[in-house]
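Chemist: The structure's right below; bear with me while I get my questions together.
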Amino acid sequence: MNEIIERLTKEANLTPEQAQKALETIANFVKEKFPMLGGAVDQMFTGGGSGTGSGFGGFGGFGQ
């Protein structure tokens with residue numbers, strides 16, 4: 001998931017902290033609007049199934 005943080009910092013000119021907050025906001029929105037995707041969203045943000053380890057390391061409460 002670090003790749004998307006890097007892209008947001010380069011392409012959207014965000015700081016890493018802003019990029020993480022943006023992703024947290026999007027994840028929470030998806031979970032609110034589509035509760036059936038909650039588990040998938042949580043796994044995506046904690047690296048479950050991504051093969052990259054810890055993903056965001058539990059940012060924003062994910063994976064903690």
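Derivation of every value follows stated rules applied to the coordinates shown; laboratory data play no part. This structure is a prediction, so every number in the text was calculated from the model and none was measured. Please note: Cβ atoms are built from the backbone with ideal geometry, for glycine as well, and neighbour counts cover all protein chains shown.
Chemist: Among 9, 34, 20, whose Cα sits farthest toward the positive end of the charge dipole of region 2-49 (+1 at Cβ of Lys/Arg, -1 at Cβ of Asp/Glu, about the Cα centre)?
Modeler: It is 34.
Chemist: Separate question: Quick one: net charge of residue 5's neighbours, Cβ under 14 Å, K/R +1, D/E -1?
Modeler: -2
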